Amino acid sequence: MITTVDIFEEFFQKVKQSESISDIYREYGGSSIYVPSYKSVCRNEDILKDYDNAITNGETSSQAIRRIANEYDLSVSQVYAITKDVREPSLFD
């Protein structure tokens, strides 16, 4: 299944590889281009990296989660949900 993220990534690559703006006008002129939000694409990955770095640097899990929640303006419960798979790995994966 092709997602909106896939479509945007293809568009972005074509823009980067184009030799002129007229190539982009020819290909996409008149189109509506959806740009996915940071929250839907990158934020959770960034939170997981921050959490992993915090644990590696000696922070406790609860300290890291509270700090991350504050940094990203999220609730502690939201950060617990985002980091659940890292904190509680499944035996069946």
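Data overview
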read-out	value
Test for Lys14: is it modelled with pLDDT of 90 or more and open to solvent by 90 Å² or more (accessible area, probe 1.4 Å)	no
Hits in region 56-84 - residues which are surrounded by 11 or more Cβ atoms within 10 Å (Cβ to Cβ) and acidic (Asp, Glu)	Glu59, Glu71
Which numbered condition Ser22 fails, given (1) open to solvent by 60 Å² or more (accessible area, probe 1.4 Å); (2) more than 27 Å from Ile65 (Cβ to Cβ)	(1)
Unmet criterion (only one of (1) surrounded by 13 or more Cβ atoms within 10 Å (Cβ to Cβ); (2) under 29 Å from Pro89 (Cα atoms)) for Ile7	(2)
Any helices (runs of 4 or more DSSP H) falling wholly within region 1-91 and containing at least 2 residues that are basic (Lys, Arg)	4-17, 61-72, 76-87
Any chance Tyr34 is over 15 Å from the mean Cα position of the chain (by Cα), surrounded by 13 or more Cβ atoms within 10 Å (Cβ to Cβ) and among the hydroxyl-bearing types (Ser, Thr, Tyr)	no
Residue tally, condition at pLDDT below 95 and open to solvent by 100 Å² or more (accessible area, probe 1.4 Å), over region 38-55	3
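The values are calculated or read from the model by the stated rules, or taken from the named source; none is laboratory data. Since the model is a prediction, treat every value here as computed from it, not as a measurement. Virtual Cβ from ideal backbone geometry, glycine too; neighbours counted across all protein chains shown. Just the protein is used for accessible areas: all its heavy atoms, side chains included, with ligands, DNA and RNA removed. Shrake-Rupley method; radii C 1.70, N 1.55, O 1.52, S 1.80 Å.
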